[in-house]
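S.K.: Sending over a structure as structure tokens; questions will come in a sec.
The values are calculated or read from the model by the stated rules, or taken from the named source; none is laboratory data. These figures come from a predicted structure and were not determined experimentally. Note that each Cβ is placed from the backbone with ideal geometry, even for glycine, and that neighbours are counted across all protein chains shown. Surface areas here come from the heavy atoms of the whole protein model, side chains and all, with no ligands, DNA or RNA. Shrake-Rupley method; radii C 1.70, N 1.55, O 1.52, S 1.80 Å.
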Amino acid sequence: MAADAHRYKMGDIEVTVLSDGFRMVPVDGNYLSNATADDLQKALAAAGQPTDKMKNTYSPIVLTTSGKRVLFDTGNGSAAAAQSNNERGTLNANLAAAGTDRSAIDVVVISHFHADHVNGLLMPDNSKAFPNAEIMVPENEWKFWMDDGEMSRAPKGRMTELFANNRRVFDALKRQVTRYAWDKEIVPGVAAKGTPGHSIGHTSFVVTSAGKSMFVQSDVCNNVSVFAPHPDWHGFFDQDPPQAAATRRKVYDMLAAEKLPVQGYHFPFPALGRIEKSGNGYRVVPTGAT
Ligand SMILES: [Zn+2]
């Protein structure tokens, strides 16, 4: 298996983690709204990380369950690969290198409507990246971003840009999606769990097979070196920062108590770890495989 793909079994379900690359993020006063750039630098230094820039990585996964190939989130898209000299948007290339053509994906499950999760739904010519896949989206996320009233009231800047991007992507797909509800099984062995705050309809997933379980957290926390030890910090990318922080504590208390393995979309590749309590927060212990 190529270095940018990692495969393991979770009960009878096969999990393939695929790198969609990375983006370097500046360490400055814009990243956190309730802590300073100095606090951020100290947290990174404490984690043994560089303090001038942070590496934000993207790791979509494919689950093979009951004979279906189910992709969770789509990365930044092939157009971003061309624009970034293949730093990001590398999902399709890594999927092919791991032996799966994108036309063989049966279902795409979207966790939330941020660009690094939905832009990969389209090829650079706006055709479907996964031409044979059913696209499943959280129903409350869909309702918010497709509501013209919400769009008209959105603060200018990041939010209006997100509305425009989501309309661009889903209009190109003729809005042909299946909306799913929380607390239901959405594909065999996978239940959707509401973890709001990062966005209105932000969703995580519990995967269960043959008596084993794991948690797919999506963006409950972004940079683990920053938000695991400081779960109450507010990132600029969280739509409702207090709710995001409350969700983070609730989910990580549960994961630490139940010792569940967790796939974290923005964890360092292969984006797999376990959560432990540490001080007033948490620590993510990386695990190569379950
Ligand atoms: Zn994200």
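S.K.: As an exercise: evaluate residue 201 against (1) closer than 27 Å to residue 13 by Cα; (2) out of contact with any helix residue (DSSP H, G or I) (no Cβ under 8 Å at 6 or more places or on another chain) and give the number of the one condition it does not meet.
M.R.: (2)
S.K.: Please enumerate the residues belonging to region 257-283 that are away from the ligand (no atom under 15 Å from the Cβ) and over 15 Å from residue 204 (Cβ atoms).
M.R.: 257, 259, 270, 274, 276, 277, 278, 279, 280, 281, 282, 283 - these are the residues of region 257-283 that are away from the ligand (no atom under 15 Å from the Cβ) and over 15 Å from residue 204 (Cβ atoms).
S.K.: Follow-up. What strands (runs of 3 or more DSSP E) completely inside region 237-290 contain at least 2 residues that are open to solvent by less than 50 Å² (accessible area, probe 1.4 Å) and farther than 20 Å from residue 49 by Cβ?
M.R.: In region 237-290, 261-264 are the strands (runs of 3 or more DSSP E) which contain 2 or more residues that are open to solvent by less than 50 Å² (accessible area, probe 1.4 Å) and farther than 20 Å from residue 49 by Cβ.
S.K.: Which of the numbered conditions does residue 227 fail, given that it passes all the others? Conditions: (1) open to solvent by 20 Å² or more (accessible area, probe 1.4 Å); (2) of a type outside the set (Val, Ile, Thr); (3) touching a residue at least 12 places away in the same chain (Cβ under 8 Å).
M.R.: Failed condition: (1).
S.K.: Shifting gears a bit: Hey, could you check region 1-46 for residues that are open to solvent by less than 80 Å² (accessible area, probe 1.4 Å) and of a type in the set (S, T, N, Q) and say which is nearest to residue 80 (Cα to Cα)?
M.R.: 19
S.K.: Still on this structure, please answer the following. Inside region 65-122, can you point out the residues that are among the charged types (D, E, K, R), within 14 Å of the ligand (Cβ to nearest atom) and either without any contact (Cβ under 8 Å) to a residue 24 or more places away in the chain or not in a loop (DSSP other than H, G, I, E, B) (or both)? Even if it seems obvious, please write down each step before you answer.
M.R.: Of all residues in region 65-122, those among the charged types (D, E, K, R) come to 68-69, 73, 87-88, 101-102, 106, 116.
Applying the additional criterion that residues be within 14 Å of the ligand (Cβ to nearest atom) yields 73, 88, 116.
Across region 65-122, the qualifying residues are 88, 116.
S.K.: Can you give me the number of residues within region 194-219 that are touching a Gly at 6+ places or on another chain (Cβ under 6 Å) and either within 13 Å of the ligand (Cβ to nearest atom) or open to solvent by 30 Å² or more (accessible area, probe 1.4 Å) (or both)?
M.R.: Qualifying residue count for the region: 4.
S.K.: When residues of region 52-64 are filtered for being assigned to a strand (DSSP E or B) and within 16 Å of the ligand (Cβ to nearest atom), how many remain?
M.R.: Here the count works out to 5.
S.K.: If you scan region 120-134, which residues turn out to be under 18 Å from the mean Cα position of the chain (by Cα) and surrounded by fewer than 22 Cβ atoms within 10 Å (Cβ to Cβ)?
M.R.: Result: 122, single match.
S.K.: How about region 128-151: which of its residues are away from the ligand (no atom under 16 Å from the Cβ) and in contact (Cβ under 8 Å) with a residue 40 or more places away in the chain?
M.R.: 128, 129, 130, 133, 134, 135, 136, 139, 140, 142, 143, 144
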